[in-house]
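Notes follow once the structure below has been shown.
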Amino acid sequence: MSELLPDHREDQTVGIPEAAGASPGETTAKAADDGRSRKRRLGIGFWLSTVWLVIVFGLTMLAPYLPFVDEPGAFPDFSVDPAAGPSGSHWFGVNNNGDDIFSQVVNGGRTSLLIAFAVVILGFVSGGIVGMVAGFFRGRTDRVISAIVDILLAFPALVLALAMIAIFASDGSTVRPSMPVVIGALSILSVAPLARITRGITLAFAEREFVTAARTLGASNIRILRKEILPNVIPPMAVFSLTVIAVVIVAEGALAFLGLSVGAPNQTWGKLINDGRPRLETSPHITFFPAGVMFLTILALNYIGDILQSKFTVREGAL
Amino acid sequence: MARRIVAGERSVEAPLLEVEDLSTHFRTPRGRVRAVDGVSFTLERGRTLGIVGESGSGKTVLSRSIMGLLPRTNVERTGTIRYEGTDISEYSQAEMREVWGPEMAMIFQDPMTSLNPVMKIGKQITESLRFHLDMPKGEANDLAVSLLRSVGIPEPAKRVKEYPHQLSGGMRQRVVIAIALACGPKLLFADEPTTALDVTVQAQILNLLDAQQRERFMAMVLVTHDLGVVAGRAHDIAVMYAGKIVEKASAKTLFASMRMPYTEALLESIPKLEYASHTRLASIPGRPPDLANPPKGCNFAPRCRYAQERCLEEEPELQAGADTGHVFACHYPVGTEAGAEALARNLARGFTPAQDEAEVSITQPAGSGA
């Protein structure tokens, strides 16, 4: 048993291929994470997810300044067979156009994540305001807002987004949506759920005694909303937003897969997956790498969101 | 930004607070709930009024009605509330905002929920100072520290930078008191300020309120379910039952010569140290009436050991007692011949007209020879 134990532990550390291969600083980062995870009990998965997200966000946002990331179509390399797969010079291999897939994935992630963040920020601000107003003032305001939110939630969101893109980005024969149109269409996915969740949180906090206490000290409604309720509403909203980001990345991927997301020269993960589809049998890595990165990113976002959510409920109860 | 009610409207001669025939009814699907029903009292500057009653007797609704903190919908409030001679019963939220803080303030029951969990304590105190008194930030911070010191919080300069969850319940209630006192109100409502606290800190908090009140010559309405809390602290005590004041007197008179059987029952329900161990605690049988559907006659009759047929038919009016300011609502008051006769009759037959024979056996009042 005592001999088995070290082996078993060894297995665990190398058992996570993506994280192990992703960064040279991985081992030290993990050692430090281990200490903190024991202290705060967020679990190793939480910190691995965080490391993964930091890598993804760092690479994608810094892409224009990184020497090993090419612009799409900038340096096509036709000397390599697309079917050959990953190699030392092309970490993720090349596609049919001779583009380096690693660079493509990084650049695609840039657009995908930008769209996702824009959509969630839009939802955070507008959904947040609408939800707080509904939850705080209640009555008729609440009924009207809640009805609109319910209607939005009742629609299949992707179909609604498709319809909006078709309406706003079609010139009769082709559909070439611009970034704002895609963001606007996808914001259905973020505004309605965030409005609803903010309303719920606000309802709960508006009932709390400290709101009445603030009122007895002469605070106006706006002031109470701003100073008393907003700071309480933001943390749970932010945690929920993590899950919404994941949903939006998937939705954008679906749109792109259907050829209805932002047009060239922008790449997104969904478009890359679509690009590799005809070659799935001979060179699956063209599809696999963007799909894998997207999968892990969404997994990490959901995982962190879940853990933080449970932490928040516990802390609320203790107060 | 000087937020003050026009001085001319106020009168220093008038009592600080006059409540006249105040009623607060809630419209519910079950019908109209008479949470407060025709309450009148007067409170002079620097005096303490204790409002006592069990859960659901309307004492919290009464204080919230006076403060104007009722829900916006399905509420009917009638009657007049005069603050320094000015009728404030028709004030809008915006007008009340000028009264809240520097004129009236309130301490809530549960310090766990009456502080904002994500705001530093110092900020919670300075908010109202900066808002009402237009105080510069530095000055407000200094005042916050000295307020915390005056409510007995150790290391106040350190505490202002802490969040509520870093303090114990008693400390939090002290912070709540500091916040309420920040603008120097002339009238303080304390709604069961010690109910959520450990018994060991209850007395500390009450003594603190007492000291602050005397120091600031502030009037206080102390709402509680515990006669022991108001004993020795309140100048006057009003006993509430089913939304009505059933007995009101100076504290001394009330304890010495109570007239209302409900007051007597409340007092008996306080356990005493000299009781032998395993003494069954005295309780008032039954529960308060349904305020949506109050019984005919006296509200307390179904639980009263003095109850007679008349109590089930005819609602007693408030009548004056022997001492000044003593009023009570009872047909067969405690300590009178009529009351003694009524009790003797009930004891003889073993039940009161309001009860079925089988239901509750009535007991002798503790320590009374009737």
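The values are calculated or read from the model by the stated rules, or taken from the named source; none is laboratory data. Since we're looking at a predicted model, the values are computed, not measured. Heads up, the Cβs are rebuilt from the backbone with ideal geometry, glycines too, and the neighbour counts pull from every protein chain shown.
Candidates B:Ala157, B:Ala140: the one that is within 14 Å of chain A (Cβ to nearest Cβ) and either surrounded by fewer than 18 Cβ atoms within 10 Å (Cβ to Cβ) or not in a loop (DSSP other than H, G, I, E, B) (or both) is B:Ala140. For the range B:177-231, residues that are within 14 Å of chain A (Cβ to nearest Cβ) and either free of Cβ contacts under 8 Å to residues at least 24 places away in the same chain or polar (S, T, N, Q) (or both) total 1.
Residues of the range A:147-196 that are under 19 Å from A:Phe124 (Cα atoms) and of a type in the set (Asp, Glu): A:Asp150 alone. The strands (runs of 3 or more DSSP E) located wholly in the range B:46-126 that include 2 or more residues which are away from chain A (no Cβ under 13 Å) and farther than 23 Å from A:Ser220 by Cβ occupy B:48-52, B:75-83. Got at least one residue in the range B:54-63 being touching a helix residue (DSSP H, G or I) at 6+ places or on another chain (Cβ under 9 Å) and at pLDDT 90 or above? No, every residue in the range B:54-63 fails to be touching a helix residue (DSSP H, G or I) at 6+ places or on another chain (Cβ under 9 Å) and at pLDDT 90 or above. Quick check: anything in the range A:255-268 away from chain B (no Cβ under 14 Å), modelled with pLDDT of 90 or more and surrounded by 21 or more Cβ atoms within 10 Å (Cβ to Cβ)? The answer is no, given that none of the residues of the range A:255-268 is away from chain B (no Cβ under 14 Å), modelled with pLDDT of 90 or more and surrounded by 21 or more Cβ atoms within 10 Å (Cβ to Cβ). If B:Glu84 satisfies all but one of (1) in contact (Cβ under 8 Å) with a residue 60 or more places away in the chain; (2) closer than 23 Å to B:Ala251 by Cβ, what's the number of the condition it fails? Only one criterion is unmet by B:Glu84, namely (2). Filtering the range A:76-111 to residues that are touching a residue at least 40 places away in the same chain (Cβ under 8 Å), part of a loop (DSSP other than H, G, I, E, B) and touching a strand residue (DSSP E or B) at 6+ places or on another chain (Cβ under 9 Å) leaves A:Phe92, A:Gly93. Out of (1) modelled with pLDDT of 90 or more; (2) surrounded by 14 or more Cβ atoms within 10 Å (Cβ to Cβ); (3) farther than 23 Å from B:Gly184 by Cβ, what's the single condition that is false for B:Arg45? Against the list (1) modelled with pLDDT of 90 or more; (2) surrounded by 14 or more Cβ atoms within 10 Å (Cβ to Cβ); (3) farther than 23 Å from B:Gly184 by Cβ, B:Arg45 comes up short only on (3).
Across the range B:127-137, which residue is nearest to the other protein chains (Cβ to nearest Cβ) among those that are assigned to a helix (DSSP H, G or I) and either surrounded by 17 or more Cβ atoms within 10 Å (Cβ to Cβ) or at pLDDT below 85 (or both)?
Selected residue: B:Ser128.
Every residue in the range A:49-93 that is among the β-branched types (Val, Ile, Thr), buried (at least 19 other Cβ atoms within 10 Å of the Cβ) and farther than 15 Å from A:Gly292 by Cα, please. Result: A:Val51, A:Thr60, A:Val69. Restricting attention to the range A:159-177, report how many residues are within 22 Å of the chain's Cα centre (by Cα) and modelled with pLDDT under 85. Result for the range A:159-177: 1. Among the candidates B:Leu147, B:Leu115, the residue that is farther than 22 Å from B:Thr60 by Cβ and hydrophobic (A, V, I, L, M, F, W, C) is uniquely B:Leu147.
In this structure, is A:Pro231 within 14 Å of chain B (Cβ to nearest Cβ), surrounded by fewer than 23 Cβ atoms within 10 Å (Cβ to Cβ) and within 21 Å of the chain's Cα centre (by Cα)?
Numbers: within 14 Å of chain B (Cβ to nearest Cβ): yes; surrounded by fewer than 23 Cβ atoms within 10 Å (Cβ to Cβ): yes; within 21 Å of the chain's Cα centre (by Cα): no.
Answer is no for this residue.
In the condition set (1) within 11 Å of another protein chain (Cβ to nearest Cβ); (2) surrounded by 19 or more Cβ atoms within 10 Å (Cβ to Cβ), B:Tyr163 is compliant with all but (2). Based on this model, can you work out whether B:Ala196 counts as outside any helix (DSSP H, G or I) and either within 17 Å of the chain's Cα centre (by Cα) or of a type outside the set (Phe, Trp, Tyr) (or both)? So B:Ala196 fits the description; yes. When you check B:Thr352 against the structure, is it of a type in the set (S, T, N, Q), modelled with pLDDT of 85 or more and surrounded by 13 or more Cβ atoms within 10 Å (Cβ to Cβ), yes or no? No, not satisfied.
For the range A:112-147, taking the residues that are farther than 25 Å from A:Ile55 by Cα and without any contact (Cβ under 8 Å) to a residue 12 or more places away in the chain, the one that is nearest to the other protein chains (Cβ to nearest Cβ) is identified as A:Gly139.
Consider A:Ser241 carefully, then state whether it is buried (at least 22 other Cβ atoms within 10 Å of the Cβ), modelled with pLDDT of 90 or more and either more than 14 Å from chain B (Cβ to nearest Cβ) or touching a Lys or Arg at 6+ places or on another chain (Cβ under 6 Å) (or both). Answer is yes for this residue.
As a summary of the residue check, A:Ile165 satisfies the conditions (1) more than 30 Å from A:Asp81 (Cα to Cα); (2) without any contact (Cβ under 8 Å) to a residue 40 or more places away in the chain; (3) buried (at least 20 other Cβ atoms within 10 Å of the Cβ) except for the one numbered (2). Going residue by residue through the range B:174-188, is there one that turns out to be in a helix (DSSP H, G or I) and surrounded by fewer than 16 Cβ atoms within 10 Å (Cβ to Cβ)? No, the range B:174-188 contains no residue that is in a helix (DSSP H, G or I) and surrounded by fewer than 16 Cβ atoms within 10 Å (Cβ to Cβ).
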